[in-house]
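Participant: Before we start, here is the structure in question, set down as structure tokens.
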Amino acid sequence: MDLTISYRRGKPFIIFFVIAFFALKPTFIAVQAEDPYLRLVAALVVIVSIYAGLALALDRTTIKAIGKRLTLRHGPLPLLRGITMDSSDVKMFHCEERRVRAAHYYKLEAEMRDGRRVKLLSPLQHTDDAQYVFKALKQWFDAVGV
């Protein structure tokens, strides 16, 4: 059984604007400074912030299960590392609800046979999305018969 799941966060450009906003203050300070190194550092902060903001805003997580291999990839701009694992290394999948003050989200993890937990998707804001991905991964895992 082969499986492909693609997930993109809702309201992605809010992330970009928040990161860009925090990059503006050092830029305004550096523009008024006479030190060229401070201006260079401010330019680097702006460039890194814009890249990170775009990478997070445009991020689409793709989970592919082909045969007994599970691959997780982030794109189109690489910021987060992908994961590749064999089904024989996975003990089980977990879907947990997390609460941070008034907000709540779901986190999907794979528990490995050596006890490590590997994050697959987080934050998933909708219960239906989390349940769908969890059930699909569980069906794949049961189908490969480890």
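Participant: Which residue fluctuates the most in the chain, going by a Gaussian network model with Cα springs under 10 Å, if the choices are 105, 37, 132?
Facilitator: Among 105, 37, 132, the largest mean-square fluctuation in the Gaussian network model of the chain belongs to 37.
Participant: Nearest 500 deg cm²/dmol is fine: what mean residue ellipticity at 222 nm does the chain get from its DSSP H runs of n ≥ 4 alone, each adding -39,500 (n - 2.57), divided by its residue count?
Facilitator: Theoretical 222 nm ellipticity from helices: -14000 deg cm²/dmol.
Participant: Whole-Hz ³J(HN,Hα) for each residue in the stretch 128-140, computed from phi via Karplus 6.51 cos²θ - 1.76 cosθ + 1.60 with θ = phi - 60°, x for glycine and proline: what do you get?
Facilitator: 4, 5, 5, 5, 5, 5, 4, 5, 5, 5, 5, 5, 4
Participant: Once you list every other residue whose beta carbon is under 12 Å from the beta carbon of residue 140, what net charge do they have if Lys and Arg are +1 and Asp and Glu are -1?
Facilitator: Net of charged neighbours comes to +3.
Participant: If the cut-off is a Cα-Cα distance under 23 Å, which lysines reach residue 119, setting aside same-chain residues fewer than 8 apart in sequence?
Facilitator: The qualifying lysines are 11, 64, 68, 91, 107, 135, 138.
Participant: Here's something else I'd like to know. Keeping all protein chains in the complex and leaving out DNA, RNA and ligands, what accessible area do you get for residue 142 with a 1.4 Å probe, in Å² to the nearest 10?
Facilitator: Its accessible surface works out to 90 Å², give or take rounding.
Participant: Continuing with the same structure: Determine the sum of side-chain charges near residue 78: Lys and Arg each +1, Asp and Glu each -1, restricted to other residues whose C-beta is under 14 angstrom from that of residue 78.
Facilitator: Result for the local shell: +2.
Participant: Using only the alpha-carbon atoms of the chain, report the extent along each of the three principal axes, biggest first, to the nearest angstrom.
Facilitator: 66, 31, 26
Participant: Quick one: go through the stretch 64-83 and flag any residue whose amide nitrogen is under 16 Å from the point 7 Å out along the Cα-to-Cβ line of residue 119.
Facilitator: Those under the cut-off are 72-75, 79-83.
Participant: Based on the mean of other Cβ atoms within 10 Å per residue, sort peptides 76-83, 120-127 so the most packed one is first.
Facilitator: Per-residue Cβ counts within 10 Å, averaged per peptide and sorted highest first, yield 120-127, 76-83.
Participant: Let me ask something additional. Pulled fully out, how much extra length does the chain show between residue 102 and residue 83, if you take 0.36 nm times their separation in residues and subtract their Cα-Cα distance?
Facilitator: Value of the extension gain: 3.8 nm.
The values are calculated or read from the model by the stated rules, or taken from the named source; none is laboratory data. Quick caveat: nothing in here was measured; it's all calculated off a predicted structure. Methodologically, a virtual Cβ is constructed for each residue, glycine included, from the backbone with ideal geometry; neighbour enumeration extends over all protein chains shown. All accessible areas refer to the heavy atoms of the entire protein, side chains included, with ligands and DNA or RNA removed. Shrake-Rupley method; radii C 1.70, N 1.55, O 1.52, S 1.80 Å.
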